[in-house]
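Read the structure below first, then the notes.
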Amino acid sequence: MSVFRTKTVEQSIEDSESGEHRLRRSLSALDLTVFGVGVIVGTGIFVLTGVAARNTAGPAVALSFVVAGIVCGLAALCYAEFAATVPVAGSAYTFAYATIGEFPAWIIGWDLMLELALGAAVVASGWSGYFASLLKNFGIYLPESIAGEHAVVNIPAAVIVLLLTGVLVLGIKMSARFNAVMVAIKIIVVLLVIVAGLFFIKSANYQPFIPPSHAMESEDGLKAPLIQVLFGVQPVAYGVFGIFTGAALVFFAYIGFDVVATAAEETRRPQRDLPIGIIASLVICTILYVAVSLVVVGMQHYSDLSVSAPLADAFRAVGESWIATLISVGAIAGLTTVVMILMLGQSRVLFAMCRDNLLPRGLAAVHPKFRTPYRITIIIGVATALLAALIPLSAIAELVNIGTLFAFVIVAIAVVVLRRTRPELPRSFRTPLVPLVPIVSVLASIYLMLNLPVETWLRFLIWMVVGSVLYFLYGYRRSRVGDGTTREPVLEA
């Protein structure tokens with residue numbers, strides 16, 4: 001009855017292919033790639049570029065995006081191997097259950113709740129602000145009490161979450177089609193920004209490409225980065241180290257590619273399509289981020305960039321306000337898909353946990369027509385809507401970062417463990433240079449985690465303690481692996 005008991009890969013696959021909890025396999029590699037682009041390209045591309053360029057990296061912010069992309073790429077290689085080897089809903093939770101054990105799997109599932117549910121609520125709150133701003137262009141003004149970051153009750157945020165919940169309940173293919181339309185809109189806007197911005201680039205704005213470094217004003221107390229508290233490392237702006245400081249900042253723009261792995265159970269050819277979807281979406285987004293960052297620092301000197309709306313303000317500065325309006329449209333489309341896919345990922349993780357009896361099994365019921373985990377999807381939608389509507393989330397948004405990086409660490413370790421414990425398993429995709437790539441992935445993720453404030457670490461640890469208590473009060477005693485009932489019941493015709 002050890003808390004490190006594992007669920008075999010064969011058991012996980014058997015659960016996904018039989019019984020009342022079977023999902024419909026209808027996604028292709030293209031669908032997964034579009035899902036990945038849909039969840040990665042959000043407000044980060046429109047905001048973080050200016051923040052990182054002005055405050056930490058200068059014109060070399062493009063290199064910051066490359067560094068952050070490499071860190072995510074290392075993790076993506078590990079995710080790709082696991083997703084192809086264990087094509088089951090649950091992502092890092094399922095991977096950890098097959099390698100490290102039940103309690104670590106529960107912890108990572110609990111961590112993914114933090115990443116996905118809180119992330120969806122944070123993004124929905126941002127969506128509300130862009131939506132209110134766009135309506136102003138048409139003479140419609142929403143009261144600040146019901147829309148935007150400082151709303152008392154953020155009604156647009158709650159409404160968009162509930163509407164997207166309905167789309168998710170109606171089926172994975174419906175969700176994929178809706179996502180494809182939204183992604184097409186925002187990619188067109190991003191490409192327009194890149195092409196239009198080329199005509200306003202001034203080469204002088206790239207000089208110097210890597211500005212001379214200097215120490216940043218350090219934070220004190222709980223707001224100080226953990227690396228500063230532990231090792232006395234002062235944050236550096238500009239220079240080579242400024243590029244890495246910028247990478248820790250723009251990392252938020254990459255969050256979400258791992259959600260592709262949660263759709264493993266709904267993919268037609270998971271062994272082939274999942275690695276393609278994970279890696280292709282990350283490569284596409286990295287190219288877009290680098291191109292946008294090079295354009296925006298070429299249009300305006302990095303010291304003059306806005307930190308709230310750098311792209312829009314750069315085009316207003318050159319007299320092209322109509323493009324600023326289009327950027328708002330692209331941001332709304334971008335954030336819409338991010339909210340939807342984060343909730344999709346959250347529902348699949350909880351679905352897997354409920355199917356294993358670590359949470360109430362009845363919540364894992366699949367709709368007889370739409371073949372979606374509708375109960376858990378509705379619960380997540382309502383909870384996310386309440387979070388987005390009632391709680392000011394900007395102060396705790398960094399919890400999403402630490403939750404994601406912790407998942408990266410676990411998956412990288414799990415790849416090495418499964419290679420040693422089950423070397424005979426068929427692997428259609430293999431992470432190269434094991435154990436080097438997983439080790440570098442772990443170290444890079446930990447470095448970025450250390451750059452987060454102490455208060456973020458404390459909140460994260462409190463969340464983990466709450467999750468541990470819940471596991472021992474409920475999941476440990478009811479686990480299907482623990483009581484030996486790992487087979488699905490046979491349903492009568």
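Observations on the structure shown:
- Checklist (1) modelled with pLDDT of 90 or more; (2) within 27 Å of V469 (Cα to Cα) applied to R422, failing item: (2)
- Hey, G256 buried (at least 24 other Cβ atoms within 10 Å of the Cβ), touching a residue at least 12 places away in the same chain (Cβ under 8 Å) and on the phi > 0 side of the Ramachandran plot or not: yes
- The condition of being closer than 30 Å to G475 by Cβ, outside any loop (DSSP other than H, G, I, E, B), of a type in the set (G, A, S) and over 17 Å from the mean Cα position of the chain (by Cα) holds for only one of S12, S64, that being S12.
- Exactly one residue out of V416, V466 is part of a helix (DSSP H, G or I), farther than 25 Å from V86 by Cβ and over 20 Å from the mean Cα position of the chain (by Cα): that is V466.
- Just one of the listed residues (D273, D258) is under 20 Å from A75 (Cβ atoms), acidic (D, E) and over 16 Å from the mean Cα position of the chain (by Cα), and it is D273.
- Applying the set (1) modelled with pLDDT of 90 or more; (2) out of contact with any Ser or Thr (no Cβ under 8 Å at 6 or more places or on another chain); (3) part of a helix (DSSP H, G or I) to A157 leaves exactly one unmet item: (2).
- Just one of the listed residues (A444, A383, A407) is within 18 Å of the chain's Cα centre (by Cα) and farther than 21 Å from Y97 by Cα, namely A444.
- Selection over region 290-305 of residues that are surrounded by 18 or more Cβ atoms within 10 Å (Cβ to Cβ) and within 18 Å of A324 (Cα to Cα) gives a count of 11.
- Taken over region 160-201, the criterion of being of a type in the set (G, A, S), surrounded by 15 or more Cβ atoms within 10 Å (Cβ to Cβ) and either free of Cβ contacts under 8 Å to residues at least 12 places away in the same chain or assigned to a helix (DSSP H, G or I) (or both) is satisfied by S175, A176, A180, A196, G197.
- Identity of the residue in region 419-446, assigned to a helix (DSSP H, G or I) and without any contact (Cβ under 8 Å) to a residue 40 or more places away in the chain, that ends up surrounded by the most Cβ atoms within 10 Å (Cβ to Cβ): V442
- Of all residues in region 124-135, those that are free of Cβ contacts under 8 Å to residues at least 60 places away in the same chain have Cβ atoms under 8 Å from Cβ atoms of residues that are assigned to a helix (DSSP H, G or I), 6 or more apart or on another chain, in A132/P156.
- Only one of R316, R268 that is among the basic types (K, R), touching a residue at least 12 places away in the same chain (Cβ under 8 Å), surrounded by fewer than 24 Cβ atoms within 10 Å (Cβ to Cβ) and out of contact with any Pro (no Cβ under 6 Å at 6 or more places or on another chain): R268
- Matching residues in region 4-49 - criterion: being among the aliphatic types (A, V, I, L, M), surrounded by fewer than 24 Cβ atoms within 10 Å (Cβ to Cβ) and either on the phi > 0 side of the Ramachandran plot or at pLDDT 90 or above (or both): V9, A29, L30
The values are calculated or read from the model by the stated rules, or taken from the named source; none is laboratory data. Keep in mind that what you see is a predicted model, and the values were worked out from it rather than measured. Here Cβ is always computed from backbone atoms with ideal geometry, including for glycine, and neighbour counts include all displayed protein chains.
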